[in-house]
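None of the figures in this text is laboratory data; all of them are computed from the coordinates on show. These figures come from a predicted structure and were not determined experimentally. When we count neighbours, we look across all protein chains shown, and the Cβ atoms used for this are built from the backbone with ideal geometry, even at glycine.
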Amino acid sequence: MLTVATSLEDALPDHLIIEILSRLVETVGLRTSVAAVRSVSRLLRKCANAALEQSLGAITSRNFDAAGLCNLVRCVLYDRMDPSLSACNSPRFLSLRSVVLTGCKGVDAESVGLLLAHAPDVDSLQLEGTAVRAEETRALAHVTRTPIATFKLGSWTALHEAVSSTRRFADAAESGALAPGGALSGIYVDVCNERGLTPLLVAAYNGVTDAAEWLLVNGACPDAADCYRVSALMKAAYFGHASTVRALLAHGANSSRVDCFGAGALAKAAYRGHTAVVRLLLAAGARTDGEDLYGNRPLHSAVASGHRNIAMLLLKSGGSASPTDGTQHATAGAPRAQRRSDVHTPVGAASGRATRQRSGAVGGARELRVPLALGS
């Protein structure tokens, strides 16, 4: 076990303390060992605030259990081990923005809540593989000053299932599961699975407008996006769910946001030939001159897929086929329309073809567990 004289601890620079902490956690771990936690917390308290946050950020990616995490927080912030004792000092608050506890099987909601109570600025929390249950996520998400923006539980919850079809949502509403105190009321509206799918993204993909409205009214972020940065608006636009697009826009969804390939909701709707959705997006101020990674604009998407009416609509709304800077994009000799490698499919062409074949289906949980590329 690490033992350091007090005088030496005072002389250690922050970077050396961080190195010692990393080695200590790697070799000993932070389980229920009071001695290990005391050694770590004694070093942590010697750090300046920035170094303390960096150290704690490194430690939280290691193997904790609930008691180890609680003891660490108590030691660092209160200088005490026994929660029944009065604090020697005032609690210390951390300005951590991200906490990663992935794979820490022993960590439970109580210990995570204790950490969040002393880190009120956390906006990203990863709890995959922990003992935290879905019905505990709502309470945890609201411990911080503002609800946590990115809350990754890493699993498909009952709320995801309930909003995946019109029938399931109606059944949940009729049974009272969505009401305060109901079976689904403890699940955070923006909790996401391992691919970043929140309940709102599921509802938008399937065009369950009533579910999307309920989620938005109850605080769901209208611009939530999956691991490919595909937002709910992009999913709804790609599949032509005009009523869902209208609901998302009414709640402030960004009509000009783009995914990791540079394609936005307008390009997706134009590519698929959804005229009503294109009109809604244009009315909301969606950009007509945005280019994806291959230099394609919404107008190119409409032309490439043979949707003349949408192409004319985009031209009337100011759409252009020429780059704004007058330069030409390198396309390896291929025409611009042919260079469009289906921006909706970040997981490969085969996945894109499978997604297009399912585009008309409402889809059940099995379909939704595979994050649909496109708009998906």
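Table for the structure above
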read-out: Added length on full extension, which subtracts the Cα-Cα distance from 0.36 nm per residue, D121 to R229; value: 36.6 nm
read-out: Peptide ranges 128-135, 257-264 listed from the most packed, as the mean C-beta count within 10 angstrom indicates; value: 257-264, 128-135
read-out: Principal axis dimensions, largest first and in whole angstrom, of the range 175-286 by Cα; value: 42, 26, 20
read-out: Local net charge near L127, Cβ-Cβ under 12 Å (Lys/Arg +1, Asp/Glu -1); value: -1
read-out: Separation between Cα centres of the range 128-206 and the range 209-283, rounded to whole Å; value: 20 Å
read-out: Burial ranking of peptide ranges 222-233, 196-207 (average Cβ count within 10 Å, highest at the top); value: 196-207, 222-233
